[in-house]
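Enquirer: Submitted below is the structure of interest, expressed as structure tokens.
The values are calculated or read from the model by the stated rules, or taken from the named source; none is laboratory data. Since the structure is predicted, the reported quantities are computational estimates derived from the model, not experimental observations. Reconstructed Cβ throughout: ideal geometry from the backbone, glycine too, with neighbour counts over all protein chains shown.
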Number of protein chains: 2
Amino acid sequence: MSDAYRQLVQQISEIGQLESVEAILDWDQETYMPPRGVHARAEQLSLLARLIHDRRSDAVVGDLLGQMNGAGGDPIRETNIRETRRIYDRSVKVPSNLIGRIAKISTHAKSAWGEARRDNKFGHFAPHLKELVELKREVADHIGYEQERYDALLDEFEPGARTADVAVVFSRLRDALRQFVAELRDAPKQPDTSILKRHYPQEKQAEFAHMLVEAIGFSFDKGRIDVSTHPFCSGTSPCDVRLTTRYDEKFFSMAIFGTLHEAGHGLYEQGLGNEHMFTPMGSATSLGIHESQSRLWENIVGRSRAFWEYFYKNAQSMFGPSLADVSLDSFVGAINAVHPSLIRVEADEVTYNLHIILRFELERALLDGRLDVDDIPEAWNAKMEELLGIRPGTDTLGCLQDIHWSMGTFGYFPTYALGNLYASQFYAKAETAIPDLADRIRRGDFATLLDWLRENIHHHGRRYRADKLVEIVTGESLSVEPFLSYLRNKFSPIYGLT
Amino acid sequence: MSDAYRQLVQQISEIGQLESVEAILDWDQETYMPPRGVHARAEQLSLLARLIHDRRSDAVVGDLLGQMNGAGGDPIRETNIRETRRIYDRSVKVPSNLIGRIAKISTHAKSAWGEARRDNKFGHFAPHLKELVELKREVADHIGYEQERYDALLDEFEPGARTADVAVVFSRLRDALRQFVAELRDAPKQPDTSILKRHYPQEKQAEFAHMLVEAIGFSFDKGRIDVSTHPFCSGTSPCDVRLTTRYDEKFFSMAIFGTLHEAGHGLYEQGLGNEHMFTPMGSATSLGIHESQSRLWENIVGRSRAFWEYFYKNAQSMFGPSLADVSLDSFVGAINAVHPSLIRVEADEVTYNLHIILRFELERALLDGRLDVDDIPEAWNAKMEELLGIRPGTDTLGCLQDIHWSMGTFGYFPTYALGNLYASQFYAKAETAIPDLADRIRRGDFATLLDWLRENIHHHGRRYRADKLVEIVTGESLSVEPFLSYLRNKFSPIYGLT
């Protein structure tokens, strides 16, 4: 067993290495690759994708897994065997040529999506999306599911999660948020967001964001920040974690909170066990848990009054005239203002989840056949009206805004909202474990919180699935209550609610 | 045959794609990788090296090659089949575990070399170098050779070249250069190089170098320039060619001519046939030919009076006070000054070749057993005295200066000097083909020369080996005469020789 296990680790480490190479090429494509390099990059990435798929479903891996008779009580072995089996099972079930067809169609779908956005014509994109939905249904059917098709796709990003459970949680969340948004709209105090639209020079924003990110614990010996059109965090090993951001000189929040968000992802990646590099034990457990870390640092910590009690003087001296006449309270109000808006990636932390719920409901209906692709624009607009009380004037501002579907990615969106819920659950627990946490933040001590996250979340890698991890850390299962009470506690003083 | 050929192209394209991925990772390591990322990078690169070696020597490739009965007169097929067979034959002859041992030992040798340099103790490095020499002898014996071991290693970098032929050419070159260096030393006029050591701000150097490189035809849609400790050019496809450079604010020449040098490599890479990407037909034919392109643009064009007749006013306005009182003639003299010096990478274009000849003679003697590793320092110093009339005070300034041997790279150095010879041969031919070439350069027209190089050299990819290519382009075989007469024509006015 010991020898077979060693061989298995060798096999899965090589898959992990290929995935990390893929991540570097993706990062390079978004940051430094010359514009005309895209054709060669597509070839390189397609070869890597095939190599990775072939290895994941390699009979050698299947044989080695067959030789594993339990893990002898060793949690590391148990994790690596379980997670390798999960990936192997998924991979062998889906025929290679189906993977290849999806990759090919999504290349065309992505460019059709771009044209559809440009021309505001959903019709350009619809035929490609129909094919992708059809193929992803096939994928789901090959993988299999107990209750509904969407389960099989959701499982790729949030292993073990069930659509029906998520739907129950989201339903409760939707009702509470709609009510809360209405309360805030009618609240006596309304933040003035115009102060965020003054002039904030890019190089000052970069310097300030770098300082914040370093202060919360991101190591620049093991990572870096670059510029890209769409911000992301690419973790290729715990010692090589790359964040990207983007700047708008006329908007304070984009780069600053965007970088804090990606740094939250980055802290998780840097906190994974170096000794388990390239194996499941050294990998993030789910996208939902990943998002919990980014949201925790971006919103719960980074948009808190305590955080700015420590950093605001610094911001004022960095940005001089643009913040000189702005009180700390006005500033904290502005960065937390809640307004229903059309674009998900620009949404505040309250309405953001309603954008996700909209996508979840449409995806689920698409997959089980209750919604036709051609009816997406109307369904989208109707849901926007229902959930946020606004209606996009164009499909570009509506159902064409996200790239995900053009890549054949269904089941990903819910993890964003799950991340918000997990973040609040974790943070509530951290507040009981570290009773003076707010004071520590007020003093610029972020290490205590980070250490707690490392010990309780990061170090576990994939040892526990998301639902289990939340239970172990907080003693509760997935729940909306901590998030709702966090919102109420935070927004009541800002909006003058009683 | 057609079908087998298509399969062969598919196989070799995938090898080419993996090599290009390797090149991106190497580039990244030298430019943007976080310092602590080195361990994961070593794992990724080692996996890629194994994948590439396995595919090069894959029995499938051998079978497909066996099915090729000639190329039906198609030069593209002929090239791809011949070069694939060459790589396949080399790869199957060398056992995988020998490759693995060399890779492992050279990892240690590289760090021992670093320590030996730091402490100026050749003894730290010697045991590792002994092992590497031993293993490279084994490699050469596996590959086989007609005349001497060194042939088998030289052939990796300069396919088809014979050590004995190179030795004859180098012997003639050595004698002529030693005499020429003495003539220049005693010449009536001596350039004043102190003007190059004034203050040249880095951002101005970067802007100026970017402008020069773009002017000679390097496309920034298909390439970029970054900073690294050791400058290099990484061509991952004709549409993705990356140069690096380094800056010294107290030395005009380093970044400017370094960038022109790498851009010369880059123009070759950008000139390779896009339609043959990732196959031998779309690859550079040898390192010697590669170096001929870098040297042609750096020295023959970039250090010519005609070049600076066009750009010098620009340089003066860019660098203001540092060049205001310097005449064009003084400037051209300074950038062409010849002085025997200890460090190869800092040598001028005349003495540079003597540095190469020294290394070639020592490598050849090491490989055939006439020289012991322990005797390298003394042999090096004696040869420096013989060839350049100077003696390094330390081994760090002597036999420890280059990284090549610590990587097990023997047979590479001669290609640098071969490049100088090829460059002069090509340029002499270009001057007859384009009779007003100097005038065109004086007017800033570099496109005519570049088009000629593209048509006569770049577009051929690996269709012709270096010796054959030189014959086809110039009607002559490898020769030192064009280089020597180029030197005499150029340096006589600068040094006031008659």
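Enquirer: Answer yes or no: is there a residue in the range B:178-187 that is under 25 Å from the mean Cα position of the chain (by Cα) and charged (D, E, K, R).
Expert: Let us first name the residues in the range B:178-187 that are under 25 Å from the mean Cα position of the chain (by Cα), namely B:178, B:180-181.
Applying the additional criterion that residues be charged (D, E, K, R) yields B:178.
Taking every residue of the range B:178-187 in turn, at least one turns out to be under 25 Å from the mean Cα position of the chain (by Cα) and charged (D, E, K, R).
Enquirer: Take the range B:43-75 and flag every residue that is crowded, with 16+ Cβ neighbours inside 10 Å and among the charged types (D, E, K, R).
Expert: The answer is B:GLU43, B:ARG55, B:ARG56, B:ASP58.
Residue by residue, here is whether (1) buried (at least 19 other Cβ atoms within 10 Å of the Cβ); (2) at negative phi; (3) not in a helix (DSSP H, G or I) holds:
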residue: B:PHE331; (1), (2), (3): yes, yes, no
residue: B:ASN353; (1), (2), (3): yes, yes, no
residue: B:ILE356; (1), (2), (3): yes, yes, no
residue: B:ARG359; (1), (2), (3): yes, yes, no
residue: B:ARG364; (1), (2), (3): yes, yes, no
residue: B:PRO377; (1), (2), (3): no, yes, no
residue: B:TRP380; (1), (2), (3): yes, yes, no
residue: B:MET384; (1), (2), (3): yes, yes, no
residue: B:THR396; (1), (2), (3): no, yes, yes
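Enquirer: Which residue, of B:ALA263, B:ALA284, is within 17 Å of B:ILE15 (Cβ to Cβ), within 15 Å of the chain's Cα centre (by Cα) and aliphatic (A, V, I, L, M)? Full working, then the answer.
Expert: Details: B:ALA263 fails: within 17 Å of B:ILE15 (Cβ to Cβ).
Just a single option satisfies the conditions, and that option is B:ALA284.
Enquirer: From the list B:ALA109, B:ALA40, pick out the single residue that is surrounded by 19 or more Cβ atoms within 10 Å (Cβ to Cβ) and under 27 Å from B:ARG224 (Cβ atoms). Before you say what the answer is, go through the steps one by one.
Expert: Details: B:ALA109 fails: under 27 Å from B:ARG224 (Cβ atoms).
Only one candidate passes the filter, namely B:ALA40.
Enquirer: Scan B:GLN205, B:GLN190 and give me the residue that is buried (at least 21 other Cβ atoms within 10 Å of the Cβ) and not assigned by TED's automatic domain parsing to the domain that holds B:ILE24.
Expert: Details: B:GLN190 fails: buried (at least 21 other Cβ atoms within 10 Å of the Cβ).
Among B:GLN205, B:GLN190, only B:GLN205 is buried (at least 21 other Cβ atoms within 10 Å of the Cβ) and not assigned by TED's automatic domain parsing to the domain that holds B:ILE24.
Enquirer: What do you reckon, is A:GLU207 in contact (Cβ under 8 Å) with a residue 12 or more places away in the chain, within 13 Å of chain B (Cβ to nearest Cβ), at negative phi and not polar (S, T, N, Q)?
Expert: On the way: in contact (Cβ under 8 Å) with a residue 12 or more places away in the chain: yes; within 13 Å of chain B (Cβ to nearest Cβ): no; at negative phi: yes; not polar (S, T, N, Q): yes.
Answer is no for this residue.
Enquirer: Shifting gears a bit: Can you name every residue in the range B:178-196 that is part of a helix (DSSP H, G or I) and farther than 27 Å from B:LEU296 by Cβ? Let's see the steps before the verdict.
Expert: Pass one, the range B:178-196, residues part of a helix (DSSP H, G or I): B:178-185, B:193-196.
B:SER194, the sole residue that qualifies.
Enquirer: Moving on to the next point. Pick from B:GLY408, B:GLY419, B:GLY398: which is out of contact with any Ser or Thr (no Cβ under 6 Å at 6 or more places or on another chain) and either free of Cβ contacts under 8 Å to residues at least 40 places away in the same chain or small (Gly, Ala, Ser) (or both)? Lay out the reasoning, then the answer.
Expert: Details: B:GLY408 fails: out of contact with any Ser or Thr (no Cβ under 6 Å at 6 or more places or on another chain); B:GLY419 fails: out of contact with any Ser or Thr (no Cβ under 6 Å at 6 or more places or on another chain).
B:GLY398 is the lone residue from the list that is out of contact with any Ser or Thr (no Cβ under 6 Å at 6 or more places or on another chain) and either free of Cβ contacts under 8 Å to residues at least 40 places away in the same chain or small (Gly, Ala, Ser) (or both).
Enquirer: While we're here: I'm trying to understand the selection: among the residues of the range B:23-75, which are in contact (Cβ under 8 Å) with a residue 24 or more places away in the chain, over 23 Å from B:GLN7 (Cβ atoms) and charged (D, E, K, R)?
Expert: B:ASP26, B:GLU30, listed by residue number.
Enquirer: Follow-up. Sort out which residues of the range B:212-241 are free of Cβ contacts under 8 Å to residues at least 40 places away in the same chain, in a strand (DSSP E or B) and either more than 8 Å from every other protein chain (Cβ to nearest Cβ) or of a type in the set (A, V, I, L, M) (or both), and write them in order of number.
Expert: B:ILE225, B:VAL241, listed by residue number.
Enquirer: Please count how many residues of the range B:55-90 are part of a helix (DSSP H, G or I) and away from chain A (no Cβ under 12 Å). Lay out the reasoning, then the answer.
Expert: Our first condition is that a residue be part of a helix (DSSP H, G or I); within the range B:55-90, this holds for B:55-56, B:59-66, B:75-90.
Narrowing the set further to residues that are away from chain A (no Cβ under 12 Å) leaves B:56, B:59-66, B:75-90.
Residues that pass the stated criteria total 25.
Enquirer: Here is a check on your reading of the model: is B:GLY419 small (Gly, Ala, Ser) and in contact with a Gly (Cβ under 7 Å, 6 or more places away or on another chain)?
Expert: Numbers: small (Gly, Ala, Ser): yes; in contact with a Gly (Cβ under 7 Å, 6 or more places away or on another chain): yes.
Yes.
Enquirer: For the range B:33-44, give me each residue that is assigned to a helix (DSSP H, G or I) and within 9 Å of chain A (Cβ to nearest Cβ). Let's see the steps before the verdict.
Expert: First, the residues of the range B:33-44 that are assigned to a helix (DSSP H, G or I): B:35-44.
If the condition is that a residue be assigned to a helix (DSSP H, G or I) and within 9 Å of chain A (Cβ to nearest Cβ), then B:PRO35, B:ARG36, B:GLY37, B:VAL38, B:HIS39, B:ALA40, B:ARG41, B:GLU43, B:GLN44 are the ones that fit.
Enquirer: Can A:ASP141 be described as surrounded by fewer than 17 Cβ atoms within 10 Å (Cβ to Cβ) and out of contact with any Gly (no Cβ under 8 Å at 6 or more places or on another chain)?
Expert: Yes: the conditions hold for A:ASP141.
Enquirer: Based on this model, can you work out whether B:PHE307 counts as touching a helix residue (DSSP H, G or I) at 6+ places or on another chain (Cβ under 7 Å), buried (at least 21 other Cβ atoms within 10 Å of the Cβ) and not in a helix (DSSP H, G or I)?
Expert: Values: touching a helix residue (DSSP H, G or I) at 6+ places or on another chain (Cβ under 7 Å): yes; buried (at least 21 other Cβ atoms within 10 Å of the Cβ): yes; not in a helix (DSSP H, G or I): no.
Considered against the rule, which asks whether it is touching a helix residue (DSSP H, G or I) at 6+ places or on another chain (Cβ under 7 Å), buried (at least 21 other Cβ atoms within 10 Å of the Cβ) and not in a helix (DSSP H, G or I), B:PHE307 comes out as no.
One line per residue, one yes/no per condition, for (1) more than 23 Å from A:PRO231 (Cβ to Cβ); (2) without any contact (Cβ under 8 Å) to a residue 40 or more places away in the chain; (3) polar (S, T, N, Q):
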{"position": "A:SER286", "(1), (2), (3)": "no, no, yes"}
{"position": "A:ASN299", "(1), (2), (3)": "no, no, yes"}
{"position": "A:GLY302", "(1), (2), (3)": "no, no, no"}
{"position": "A:ALA324", "(1), (2), (3)": "yes, yes, no"}
{"position": "A:LEU328", "(1), (2), (3)": "yes, yes, no"}
{"position": "A:ASN336", "(1), (2), (3)": "no, no, yes"}
{"position": "A:LEU342", "(1), (2), (3)": "no, no, no"}
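Enquirer: Just for the range B:1-32: of the residues that are facing chain A (nearest Cβ under 7 Å) and in contact with a strand residue (DSSP E or B) (Cβ under 9 Å, 6 or more places away or on another chain), which one is nearest to B:ARG242 (Cα to Cα)?
Expert: Step by step, filter the range B:1-32, then rank; the result is B:ILE24.
Enquirer: How many of the residues making up the range B:132-145 are out of contact with any Ser or Thr (no Cβ under 7 Å at 6 or more places or on another chain) and touching a residue at least 60 places away in the same chain (Cβ under 8 Å)?
Expert: Just the residues of the range B:132-145 that are out of contact with any Ser or Thr (no Cβ under 7 Å at 6 or more places or on another chain), to begin with: B:133-145.
Next, from what is left, pick out any that are touching a residue at least 60 places away in the same chain (Cβ under 8 Å): B:133, B:135-137, B:140.
The qualifying residues number 5.
Enquirer: Please identify the pairs in which a residue from the range A:119-131 that is in a helix (DSSP H, G or I) has its Cβ atom under 8 Å from the Cβ atom of a residue that is of a type in the set (Val, Ile, Thr) and surrounded by 15 or more Cβ atoms within 10 Å (Cβ to Cβ), counting only partners at least 6 apart or on another chain.
Expert: From the range A:119-131, the pairs are A:PHE122/A:ILE376; A:ALA126/A:VAL373; A:ALA126/A:ILE376; A:HIS128/A:ILE105; A:LEU129/A:VAL373; A:LEU129/A:ILE376; A:LYS130/A:VAL373; A:GLU131/A:ILE105.
Matching residues to (1) crowded, with 22+ Cβ neighbours inside 10 Å; (2) at pLDDT 95 or above:
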{"residue": "A:ASP240", "(1), (2)": "yes, yes"}
{"residue": "A:TYR247", "(1), (2)": "no, yes"}
{"residue": "A:HIS261", "(1), (2)": "yes, yes"}
{"residue": "A:GLY266", "(1), (2)": "yes, yes"}
{"residue": "A:ASN274", "(1), (2)": "no, no"}
{"residue": "A:THR279", "(1), (2)": "yes, yes"}
{"residue": "A:THR285", "(1), (2)": "yes, yes"}
{"residue": "A:SER292", "(1), (2)": "yes, yes"}
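Enquirer: Another question, if that's okay. If you scan the range A:13-66, which residues turn out to be within 25 Å of A:LEU272 (Cα to Cα) and β-branched (Val, Ile, Thr)?
Expert: If the condition is that a residue be within 25 Å of A:LEU272 (Cα to Cα) and β-branched (Val, Ile, Thr), then A:ILE15, A:VAL21, A:ILE24, A:THR31, A:ILE52, A:VAL61 are the ones that fit.
Enquirer: So, in the range B:448-479, how many residues would count as being under 20 Å from B:ALA161 (Cα atoms) and within 18 Å of the chain's Cα centre (by Cα)? Please lay out each step first, then the result.
Expert: Applying the first criterion (under 20 Å from B:ALA161 (Cα atoms)) to the range B:448-479 yields B:457-458, B:460-479.
Cutting the leftovers down to within 18 Å of the chain's Cα centre (by Cα) gives us B:457-458, B:461-462, B:465-467, B:469-470, B:478.
Selection size over the range B:448-479: 10.
Enquirer: Being of a type outside the set (Ser, Thr, Tyr) and either farther than 25 Å from B:GLU158 by Cα or touching a Pro at 6+ places or on another chain (Cβ under 8 Å) (or both) is the filter here, so list the residues in the range B:110-119 that pass it. Give the steps one after another, and end with the answer.
Expert: First, the residues of the range B:110-119 that are of a type outside the set (Ser, Thr, Tyr): B:110, B:112-119.
If the condition is that a residue be of a type outside the set (Ser, Thr, Tyr) and either farther than 25 Å from B:GLU158 by Cα or touching a Pro at 6+ places or on another chain (Cβ under 8 Å) (or both), then B:ALA112, B:TRP113, B:GLY114, B:GLU115, B:ALA116, B:ARG117, B:ARG118, B:ASP119 are the ones that fit.
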